[in-house]
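The values are calculated or read from the model by the stated rules, or taken from the named source; none is laboratory data. Being a predicted model, the structure only gives us computed values, none of them experimental. Counting neighbours? That spans all protein chains shown, and the Cβs are built from the backbone with ideal geometry, glycine included. Side chains are part of the model used for accessible areas, which takes the heavy atoms of the whole protein and leaves out ligands, DNA and RNA. Shrake-Rupley method; radii C 1.70, N 1.55, O 1.52, S 1.80 Å.
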Amino acid sequence: MHIHLKLLFLIIYFITPSFSIDAQQSRTNFELSQKMNRAIELIEKEDYHTANTVFRNILATEKVLPTNLSYYFSLTLYHIEQYRNSHNFLEKYLNLTGKAGDFYDQSIQLQKLLENAFTDIKNCDLCDINGYQFMTCSVCKGNKNTIEDCSKCRSAGIISCQKCKAEGVVITIDSFGEHNYQTCDRCLGKGIHTCDLCEGEKQLNLVCNVCLGTGNQSSKVICTHH
Ligand SMILES: [Zn+2]
Ligand SMILES: [Zn+2]
Ligand SMILES: [Zn+2]
Ligand SMILES: [Zn+2]
């Protein structure tokens, strides 16, 4: 009787922890499949924006993701016109499943739709490579350049002469040890000369480093290509 009790204790002791892990795991699996089902329902209702929110929540909270999620998320992203992201998730799905995937045919169809979308974007001058409308650069206001104070002369337009150390004369010593004094040819004896960086303009005309000289910036507005 005593031995039986001990045995029972041992059985409970060793079974309990693994049982609780299983319970925890199946609870997360249950939550995940509930979220997945909700997202799929939303796709069926063509509410892609809400489906996107559900998928982003899954991606942020789950460590292990079902393979089919990549396809469903790609489809959702296509419909909310996030083509670049859609393409990435579709590639991921096809890489993972190959021709054996549940949605292989649908994936190939989606790939064609994405190709068409990318062609439209490429042929349009009004949007960037991701299909977002251009807007006038907020920094240079479309001028492509920005005017800045000259850093070399601190906007004075002139700098002191380096050749004569602002003395106006250049001293050389000949082979007899004689000092020869010559008027500095760089500053013509003035000790200062026009700044060679801004050429006396006091300001520099620089290529806008926000738009890289295009005058445009990407907006968050999806382009209609018209
Ligand atoms: Zn000089
Ligand atoms: Zn200058
Ligand atoms: Zn700019
Ligand atoms: Zn466009």
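In the condition set (1) open to solvent by less than 60 Å² (accessible area, probe 1.4 Å); (2) more than 14 Å from ligand 1 (Cβ to nearest atom); (3) at pLDDT 95 or above, Asp174 is compliant with all but (3). Checked against the criteria, Asn130 does not count as at pLDDT below 95 and surrounded by fewer than 12 Cβ atoms within 10 Å (Cβ to Cβ). For Glu167, the test of being among the acidic types (Asp, Glu), closer than 23 Å to Gly200 by Cα and not assigned by TED's automatic domain parsing to the domain that holds Tyr83 is passed. Do we find that Ser151 is within 16 Å of ligand 3 (Cβ to nearest atom), among the polar types (S, T, N, Q) and surrounded by fewer than 16 Cβ atoms within 10 Å (Cβ to Cβ) in this structure? For Ser151, the condition - within 16 Å of ligand 3 (Cβ to nearest atom), among the polar types (S, T, N, Q) and surrounded by fewer than 16 Cβ atoms within 10 Å (Cβ to Cβ) - is not met. In this entry, Asn123 passes the filter for residues that are within 16 Å of ligand 4 (Cβ to nearest atom), over 18 Å from Gln82 (Cβ atoms) and open to solvent by 80 Å² or more (accessible area, probe 1.4 Å).
Scanning the range 127-148 for residues that are more than 16 Å from ligand 3 (Cβ to nearest atom), hydrophobic (A, V, I, L, M, F, W, C) and outside any strand (DSSP E or B) turns up just one, Ile129.
Do the conditions hold for Glu91, that is, is it within 20 Å of the chain's Cα centre (by Cα) and in a helix (DSSP H, G or I)? Criteria met by Glu91.
Taking first residues from the range 27-56 that are free of Cβ contacts under 8 Å to residues at least 60 places away in the same chain and partners that are acidic (Asp, Glu) and open to solvent by less than 90 Å² (accessible area, probe 1.4 Å), the Cβ contacts under 6 Å between residues at least 6 apart in sequence or on separate chains come to Leu32/Glu62.
Quick one: which residue in Asn216, Asn209 is within 16 Å of ligand 4 (Cβ to nearest atom), within 23 Å of the chain's Cα centre (by Cα) and open to solvent by 60 Å² or more (accessible area, probe 1.4 Å)? Spell out how you get there, then give the answer.
On the way: Asn209 fails: within 16 Å of ligand 4 (Cβ to nearest atom).
Step by step, each of Asn216, Asn209 is checked, and only Asn216 is within 16 Å of ligand 4 (Cβ to nearest atom), within 23 Å of the chain's Cα centre (by Cα) and open to solvent by 60 Å² or more (accessible area, probe 1.4 Å).
If you go through the range 173-201 and keep only what is assigned to a strand (DSSP E or B) and over 30 Å from Asp149 (Cα atoms), you end up with Ile173, His179, Asn180, Tyr181, Gln182, Thr183. Here Tyr93 clears all of (1) over 25 Å from Leu206 (Cα atoms); (2) outside the structural domain of Leu65 (by TED's automatic domain parsing); (3) not charged (D, E, K, R) except the condition numbered (2). Condition check for Ser107 on (1) under 15 Å from Ile222 (Cβ atoms); (2) open to solvent by less than 60 Å² (accessible area, probe 1.4 Å): one failure, at (1). For the range 191-208, the criterion of being among the charged types (D, E, K, R) and more than 14 Å from ligand 2 (Cβ to nearest atom) is satisfied by no residue at all.
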